[in-house]
Amino acid sequence: MRLVILEDYDQASEWAAKYICNRIIQFKPSQGRYFTLGLPTGNTPLGCYRKLIEYHKNGDLSFKYVKTFNMDEYVGLPRNHPESYHSYMWNNFFKHIDIDPNNAHILDGNAPDLQAECDAFEKKIEEAGGIDLFVGGIGPDGHIAFNEPGSSLSSRTRLKTLAMDTILANAKYFDGDLSKVPTMALTVGVGTVMDAREVMILITGAHKAFALYKAIEEGVNHMWTVSAFQQHPRTIFVCDEDATLELRVKTVKYFKG
Amino acid sequence: MPSNKSVSDAPIAQFTNCRILRGRRLQREDLWVREGKILNPEKLFFDEKGSADIQLDCKGSILAPGFIDVQINGGFGVDFSLPTDDFKSGIDLVSQKILSHGVTSFCPTLVTSPPTVYHQILPQISVRNGGAHGAGILGAHLEGPFISKEKKGAHPEHCIRTFKENAFQDLLATYGSLDRVRIVTLAPEIKGSSEVIQELTKRGICVSLGHSVANLSQAEEAVQHGATFITHLFNAMLPFHHRDPGIVGLLTSDKIPAGRRVFYGMISDGIHTNPAALRIAHRAHPKGLVLVTDAIAGMGLAPGRHTLGQQMVEIDGLNTYIAGTKTLSGSVATMDMCVRHFQEATACSVETALEAASLHPAQLLGIEDKKGTLNYDSDADFLMLSDSLHVQATYIAGEEVWRQDALGM
């Protein structure tokens with residue numbers, strides 16, 4: 001892996017955004033030859049999205065020939081609910097850029113047949129030629145997307161019940177009312193993300209430090225699903241100083257040097 | 001980029017680089033319009049996989065809902081209470097000219113007149129949508145003749161009436177027809193008014209209290225029967241008294257039926273109401289304030305003499321009096337001037353000032369699902385304004401119907 005350590009959240013966000021931007025530009029996407037990007041939601045990538053929007057508005061980056069696949073979406077939440085991942089992606093990214101709506105794929109948590117929806121999503125990724133760069137985050141319990149502790153490391157896109165940790169962490173977005181928080185979600189599998197040609201995981205903040213330690217300094221373990229990427233040929237972990245707080249000094253020095 | 005043709009073929013316009021008044025505040029958001037209505041771009045993106053056909057850069061302007069003037073007696077030499085041969089072209093002229101003041105819908109107002117005048121004029125006022133031809137007409141505002149002689153203001157005394165035995169029938173006979181009537185101003189202390197207020201309210205006509213010497217309990221009773229508006233607060237009514245606040249007391253009355261709100265018109269031209277009084281009213285009941293121009297024929301014209309119904313009035317700057325007297329009669333301030341003056345005098349937020357001329361009149365008339373806001377699916381009647389609230393361009397149903405030219409005229 002590569003472990004890129006930046007001083008703070010803003011710098012980490014900018015580094016990640018620049019990396020994505022450069023990847024797209026170097027690829028030279030065009031009609032019929034799209035760059036495929038896997039995308040996350042949550043607090044961590046907000047700074048990165050802001051920077052990407054800035055590059056777009058400056059005229060440096062176009063999403064005209066980019067296809068995106070989001071990692072997950074809540075089940076049973078109306079699509080226009082302010083906390084749905086559709087709303088998140090629209091407000092924080094899509095509405096500010098020039099992506100073709102036909103190329104922005106997000107799982108439909110209100111589909112009549114949820115497994116069929118998941119299978120169709122896998123097929124769409126396949127038809128798009130696979131993912132060039134999958135960007136993700138990490139939960140405090142080490143999960144990637146909604147692959148909660150105990151998820152198979154070879155899993156595919158499917159319906160998952162959310163762990164209590166996740167539900168508690170999400171309560172703040174639903175007026176602190178636990179009964180309003182969705183308990184299920186559709187998510188890409190660990191295997192789905194492992195299939196991407198390149199993976200970039202964003203990890204910032206001291207509250208994620210223990211999860212980062214478990215993910216890269218301990219063994220591959222289905223209780224900390226991000227650890228699966230130790231076996232991926234091209235993974236970059238982008239973090240800020242605070243996120244490295246639980247790592248061994250030796251690890252940090254090696255990657256900073 | 002092409003939009004998805006399966007839902008609608010119509011072009012989609014995206015107004016960018018602007019601040020829009022939505023959710024009671026100015027937000028840095030784009031405004032999307034299709035087929036004359038405000039479009040939900042998120043729904044467009046996800047459901048229709050659609051995108052904008054044209055993008056218009058608003059250069060940082062404020063986009064606000066078009067103003068709605070519920071009390072305007074004429075302008076540019078046209079007097080809505082005078083039955084001339086070319087009355088229709090007169091109303092067309094005014095509706096076209098007020099676009100430059102930011103007014104996208106209005107209620108042509110008739111002052112106290114003899115029945116023949118109503119019979120001649122009302123059939124010539126058609127309720128119609130606005131467009132390039134002019135602001136939309138929501139219906140007539142009939143101010144009088146069932147008002148108080150003591151508070152006639154500039155209304156002709158000889159035409160002022162009380163109700164005959166069968167009050168509502170008398171009103172019908174006087175006006176001829178209520179088809180194109182949206183608002184009626186009357187004095188609630190007149191015998192028979194309760195029945196009239198109930199009948200008018202049943203027919204969806206807004207009843208307003210004005211030109212009256214009613215005390216607070218008479219006013220409250222009128223509200224209980226259905227009245228929802230006060231015509232130009234403070235003017236032509238008893239002054240506020242601490243032991244009987246009169247009609248003004250409705251602003252803080254505890255006898256308003258649950259779920260209802262009393263609105264009140266204010267002419268904020270700096271003349272009809274002292275700014276301190278404007279502030280008192282606004283602070284007492286900010287959600288009920290509706291800006292009106294009460295403009296008369298002389299609005300938009302040079303100083304001098306003009307008609308107002310059966311009377312002659314004299315304009316001197318922003319002041320208009322019944323010729324030869326010191327009695328105020330209507331105003332010549334334009335709606336955008338009123339909005340700016342209101343904002344300055346009360347030091348309220350830009351959002352509040354704009355809502356007083358758009359959202360509140362729409363709520364008064366029960367049309368806020370279509371007018372008075374920039375909510376999704378509302379009619380795309382909106383204005384492009386500078387930070388100082390000067391109108392730069394006016395749009396009705398998504399089409400530009402007026403734009404300030406380079407010389408600022």
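The values are calculated or read from the model by the stated rules, or taken from the named source; none is laboratory data. Computed from a predicted structure; not experimentally measured. So basically every Cβ, Gly included, is an ideal-geometry build from the backbone, and we count neighbours across all protein chains shown. Side chains are part of the model used for accessible areas, which takes the heavy atoms of the whole protein and leaves out ligands, DNA and RNA. Shrake-Rupley method; radii C 1.70, N 1.55, O 1.52, S 1.80 Å.
Run the paramagnetic zone check for B:GLU157: 7 angstrom along Cα to Cβ, then residues of segment B:303-333 with backbone nitrogen under 20 Å.
From segment B:303-333, the list is B:308-314, B:321-330.
Counting only protein chains, not ligands or nucleic acids, how are A:LYS208, B:LYS149 ordered by accessible area (probe 1.4 Å), most first?
Values: A:LYS208 25, B:LYS149 105 Å².
The residues order as B:LYS149, A:LYS208, largest area first.
Compute for the protein assembly as shown: radius of gyration divided by Kirkwood radius, i.e. Rg/Rh, restricted to C-alpha atoms, rounded to two decimals. Don't jump to the answer; show the numbers that get you there.
Values: Rg = 32.0 Å, Rh = 28.6 Å.
Rg divided by Rh gives 1.12.
Report, in whole Å, the centroid distance computed from the Cα atoms of segment B:178-206 and segment A:25-42.
65 Å
For segment B:1-101, which GluC sites (Glu not before Pro) are both in a DSSP coil and crowded by at most 14 other Cβ atoms within 10 Å? List each step's numbers first, then the result.
Values: sites: B:GLU29, B:GLU35, B:GLU42, B:GLU48; in loops: B:GLU29, B:GLU35.
The qualifying sites are B:GLU35.
How do the peptides B:302-312, B:175-185 rank, highest first, by the average count of neighbouring beta carbon atoms within 10 Å per residue?
Numbers: B:302-312: 16.7, B:175-185: 20.5.
The peptides rank, most packed first, as B:175-185, B:302-312.
Output the antiparallel fraction of DSSP beta bridges having both residues in the protein assembly as shown, as a percent to the nearest 5.
Values: 47 of 101 bridges.
If I count the DSSP bridges inside the protein assembly as shown, around 45 percent turn out antiparallel.
Ranking request for peptides A:196-202, B:162-168: highest mean number of other beta-carbon atoms within 10 Å first, then the rest in descending order.
Put in order of decreasing packing, that is A:196-202, B:162-168.
State, as an integer percentage, the relative contact order of segment A:1-254 based on alpha-carbon contacts under 8 Å between residues 6 or more apart.
Details: 503 pairs, mean separation 61.6, N = 254.
It rounds to 24 percent for segment A:1-254.
Once you have the Cα-Cα distance between B:SER349 and B:ALA302, take 0.36 nm times their residue separation minus that, and quote the gain in nm to one decimal. Spell out each step's value before the answer.
Details: separation 47, 0.36 × 47 = 16.92 nm, distance 3.25 nm.
Extra length available between B:SER349 and B:ALA302 comes to 13.7 nm.
Computed FRET efficiency, Cβ-Cβ of B:HIS119 and B:THR16, R0 56 Å: what is it to the nearest 0.05?
Values: r = 51 Å, r/R0 = 0.91.
After rounding, the FRET efficiency stands at 0.65.
How crowded by other chains is B:41-53, given as the mean number of beta carbons from other chains within 10 Å of each beta carbon? Could the numbers behind the result be given before it?
Details: counts 3, 9, 3, 1, 9, 11, 3, 1, 5, 2, 5, 0, 0.
For peptide B:41-53, the averaged partner shielding equals 4.
If I model a spin label as a point 7 Å beyond the Cα along the Cα-Cβ vector, how far apart are those points for A:GLU127 and B:ARG283 in nm?
Calculated label separation equals 6.5 nm.
Return, in residue-number order, each cysteine of chain B whose C-beta is not under 4.7 Å from any other cysteine's C-beta.
Within chain B, the cysteines lacking a partner Cβ under 4.7 Å are B:CYS107, B:CYS159, B:CYS206, B:CYS338, B:CYS348.
On average, how much accessible surface per residue is there in segment A:1-254, in Å², for a 1.4 Å probe, leaving out ligands, DNA and RNA?
Result: 43 Å² per residue.
Residues in segment A:80-98 near a label at A:ALA111, defined as backbone nitrogen under 16 Å from the 7 Å Cα→Cβ point?
A:85-86
Report, to the nearest whole %, how much of the accessible area of chain A belongs to carbon and sulfur atoms, 1.4 Å probe, protein only.
Details: 5600 of 11200 Å².
Accessible surface attributable to carbon and sulfur in chain A totals 50 percent.
Could you work out, residue by residue across A:94-103, how many beta carbons of other chains sit within 10 Å of that residue's beta carbon, and then give the average as an integer? Walk me through the numbers before you get to the answer.
On the way: counts 4, 7, 1, 0, 2, 3, 5, 11, 5, 1.
So the per-residue partner count for this stretch is 4.
May I ask you to compute the full-extension gain from B:ASP316 to B:ASP9, defined as 0.36 nm times their residue separation minus their alpha-carbon distance, rounded to one decimal in nm?
Details: separation 307, 0.36 × 307 = 110.52 nm, distance 5.29 nm.
Separation in residues times 0.36 nm, less the Cα-Cα distance, equals 105.2 nm.
Quick one: accessible surface of B:LYS97, probe radius 1.4 Å, all protein chains present, in square angstrom to the nearest 10.
My reading of the accessible area for B:LYS97 is about 90 Å².
Quick check for me: using +1 on Lys/Arg Cβ and -1 on Asp/Glu Cβ, what's the dipole size of the protein assembly as shown about its Cα centre, in debye to the nearest 20?
On the way: 64 positive and 76 negative charges, 85 e Å.
Magnitude of the dipole: close to 400 debye.
Calculate the dipole size of chain B relative to its Cα centre from +1 charges on Lys and Arg beta carbons and -1 charges on Asp and Glu beta carbons; express the result in debye to the nearest 20.
On the way: 37 positive and 44 negative charges, 132 e Å.
Around 640 debye, computed over chain B.
Probe radius 1.4 Å, ligands and nucleic acids left out: can you give me the accessible area buried at the A-B interface, summed over both chains, in Å² to the nearest hundred? Please list the in-between numbers first.
Values: alone 11780 and 16590 Å², together 27190 Å².
Approximately 1200 Å², summed over both chains.
Give me the Debye-computed log₁₀ of I(q)/I(0) at q = 0.11, 0.17, 0.27 Å⁻¹ for segment A:14-96, equal point scatterers on Cα only, no solvent, two decimals.
Taken in order of the listed q values, log10 I(q)/I(0) reads -0.31, -0.72, -1.43.
Once both labels are modelled 7 Å past Cα along the beta-carbon direction, what's the B:ALA132-A:THR183 spacing in nm?
For B:ALA132 paired with A:THR183, the spin-label model returns 6.0 nm.
Return the average number of partner chain Cβ atoms within 10 angstrom of each residue Cβ along peptide A:71-83. Intermediate values should be presented prior to the final figure.
Values: counts 0, 0, 0, 0, 0, 0, 0, 0, 4, 5, 0, 0, 0.
Taking all residues of A:71-83 together, the mean is 1.
Hey, got the dipole for chain A? About the Cα centre, +1 on K and R Cβ, -1 on D and E Cβ, debye to the nearest 20?
The dipole magnitude comes to about 680 debye.
When the solvent-accessible surface of protein heavy atoms is calculated with a 1.4 angstrom probe, in what order do B:TYR264, A:TYR254 fall, highest first? Intermediate results must be reported in sequence, preceding the final value.
Details: B:TYR264 0, A:TYR254 165 Å².
The ranking, largest first, comes out as A:TYR254, B:TYR264.
Could you work out [θ]222 nm for the protein assembly as shown from helices alone, using -39500 (n - 2.57) per DSSP H run of at least four and dividing by all its residues? Round to the nearest 500 deg cm²/dmol. Mind showing how you got there, number by number?
Details: 17 runs with 164 residues, N = 666.
One gets -7000 deg cm²/dmol as the mean residue ellipticity at 222 nm.
Mind checking which lysines have their Cα closer than 24 Å to the Cα of B:LYS59? Skip sequence neighbours fewer than 8 apart in that chain.
Excluding near neighbours in sequence, the set is A:LYS51, A:LYS57, A:LYS95, B:LYS37.
Go through A:LYS214, A:LYS180 and list them by solvent-accessible area, largest first, probe radius 1.4 Å. Kindly include the intermediate steps, with their values, before the conclusion.
Details: A:LYS214 45, A:LYS180 105 Å².
Putting A:LYS214, A:LYS180 in descending order of accessible area: A:LYS180, A:LYS214.
Determine the per residue accessible area of segment B:66-365 with all protein chains present and a 1.4 angstrom probe, expressed in square angstrom.
Values: 10790 Å² over 300 residues.
For segment B:66-365, the per-residue accessible area is 36 Å².
When the Cα atoms of segment A:112-161 are enclosed in a convex hull and the volume is divided per residue, what value in Å³ results? Intermediate results must be reported in sequence, preceding the final value.
On the way: hull volume 4.9 nm³, N = 50.
Once divided by residue count, the hull of segment A:112-161 is 98 Å³.
Among A:CYS118, A:SER152, A:SER179, which residue has its Cα furthest toward the positive end of the charge dipole of segment A:98-257, with +1 on Lys/Arg Cβ and -1 on Asp/Glu Cβ?
So the residue we want is A:SER152.
Work from the charge dipole of segment B:271-409 (Cβ charges, +1 for Lys and Arg, -1 for Asp and Glu, about the Cα centre) and give the residue of B:MET337, B:GLN392, B:ILE280 farthest towards its positive end.
Toward the positive end, the furthest listed residue is B:ILE280.
Can you tell me how much longer the chain between A:LEU159 and A:HIS232 gets when fully stretched, taken as 0.36 nm per residue apart minus their C-alpha distance, in nm with one decimal?
Numbers: separation 73, 0.36 × 73 = 26.28 nm, distance 2.40 nm.
Gain in length upon complete extension: 23.9 nm.
Please name which of B:ILE72, B:MET299, B:VAL262 has its Cα lying farthest along the dipole of chain B towards the positive end, using unit charges on Cβ (Lys, Arg +1; Asp, Glu -1) and the Cα centre as origin.
B:VAL262
Find, to one decimal place in angstroms, the Kirkwood hydrodynamic radius of chain A, where the mean of 1/r is taken over every pair of different Cα atoms and then inverted.
Numbers: mean 1/r = 0.0543 Å⁻¹.
Every distinct Cα pair counted, the radius reaches 18.4 Å.
Name all residues of segment A:148-169 having a backbone nitrogen under 16 Å from the label point set 7 Å from the Cα of A:HIS81 along its Cα→Cβ direction, giving them as ranges.
Of the residues in segment A:148-169, A:160-163, A:166-169 have backbone N under 16 Å from the label point off A:HIS81.
If I model a spin label as a point 7 Å beyond the Cα along the Cα-Cβ vector, how far apart are those points for B:GLU195 and B:GLN169 in nm?
0.9 nm
When the C-alpha atoms of chain B are aligned to their principal axes, what extent does each axis show, in angstrom, from largest down?
66, 46, 40
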